[in-house]
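Trainee: Input: one structure, supplied below.
The values are calculated or read from the model by the stated rules, or taken from the named source; none is laboratory data. A quick note: this is a predicted structure, and the numbers were derived from the prediction, not measured. Cβ coordinates were reconstructed from backbone atoms using ideal geometry, including for glycine residues, and neighbour counts include every protein chain displayed.
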Amino acid sequence: MRFSPLRRSLASTPLTGLGHAAIALTIVTATVSHAPTAIAQAAYGSYVGVGTSLGFGDETEIAGVVAFRYNILELPISLRAQAFIGDGFAFAPTVSYDIPLNWQTDVYVGAGVSFAGNNSVLGDQTAFAIQSGVDHMLSDNNLAIFGNAIVAFDAFRDRNAAAVSLQGGVGLQF
């Protein structure tokens with residue numbers, strides 16, 4: 001078998017480490033440029049929802065709750081508000097610090113004010129309030145599941161006592 005001079009010189013030339021790296025880089029570049037692009041969608045966390053609240057104070061109260069969360073995307077901060085509708089009415093806006101557990105779940109702690117009317121789940125007067133809870137965004141639809149507790153300090157006119165409410169529900173993300 002006879003080789004031409006050009007073929008013989010290419011066949012007998014060993015590849016150096018730099019040559020192997022150039023070939024590997026070419027293969028990787030070609031593979032990556034033809035790979036499908038993955039599109040990840042973050043669960044941003046803003047929602048409006050409805051649920052149920054159970055309040056402990058003078059006596060046990062049950063109320064419906066309308067919950068709102070606006071997640072500030074650049075910061076781990078959310079603006080929250082909850083309206084309680086039962087025997088009495090209460091409204092509790094808070095600002096929370098959010099701690100992500102994973103892409104879909106946040107735990108948080110916040111502070112704000114409770115504006116409460118007679119016989120509400122948060123007492124019967126305006127009070128300083130703290131809130132802690134968890135939000136879970138369902139990945140296959142636009143639903144959010146929320147649960148939290150609010151403690152309103154000095155929430156009763158006739159005595160220096162706190163009101164505690166526990167609530168949970170389902171929200172629609174926006």
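Trainee: Kindly indicate the residue of region 40-50 that is modelled with pLDDT of 95 or more and touching a Phe, Trp or Tyr at 6+ places or on another chain (Cβ under 7 Å) and also nearest to residue 73 (Cα to Cα) among those meeting that condition.
Mentor: Among residues in region 40-50 that are modelled with pLDDT of 95 or more and touching a Phe, Trp or Tyr at 6+ places or on another chain (Cβ under 7 Å), the one nearest to residue 73 (Cα to Cα) is 46.
Trainee: Now for a separate question. Among the residues of region 114-130, which ones are closer than 16 Å to residue 86 by Cβ and either surrounded by 24 or more Cβ atoms within 10 Å (Cβ to Cβ) or hydrophobic (A, V, I, L, M, F, W, C) (or both)?
Mentor: Residues satisfying the conditions are 114, 115, 116, 120, 121, 122, 123.
Trainee: Now, a different point. Could you say which residue among 72, 85 is β-branched (Val, Ile, Thr), surrounded by fewer than 19 Cβ atoms within 10 Å (Cβ to Cβ), closer than 18 Å to residue 48 by Cβ and without any contact (Cβ under 8 Å) to a residue 12 or more places away in the chain?
Mentor: 72
Trainee: Could you tell me whether residue 116 is among the small types (Gly, Ala, Ser) and more than 16 Å from residue 67 (Cβ to Cβ)?
Mentor: yes
So that you can scan it fast, the table gives a plain yes or no per residue for (1) modelled with pLDDT under 95; (2) in contact with a helix residue (DSSP H, G or I) (Cβ under 6 Å, 6 or more places away or on another chain); (3) among the charged types (D, E, K, R); (4) over 14 Å from residue 81 (Cβ atoms):
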position: 132; (1), (2), (3), (4): no, no, no, yes
position: 137; (1), (2), (3), (4): no, no, no, yes
position: 140; (1), (2), (3), (4): yes, no, yes, yes
position: 144; (1), (2), (3), (4): no, no, no, yes
position: 149; (1), (2), (3), (4): no, no, no, yes
position: 154; (1), (2), (3), (4): no, no, yes, yes
position: 162; (1), (2), (3), (4): no, no, no, yes
position: 167; (1), (2), (3), (4): no, no, no, no
position: 170; (1), (2), (3), (4): no, no, no, yes
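Trainee: Test residue 85 against the stated conditions and say whether it is aliphatic (A, V, I, L, M), under 22 Å from the mean Cα position of the chain (by Cα) and modelled with pLDDT of 95 or more.
Mentor: no
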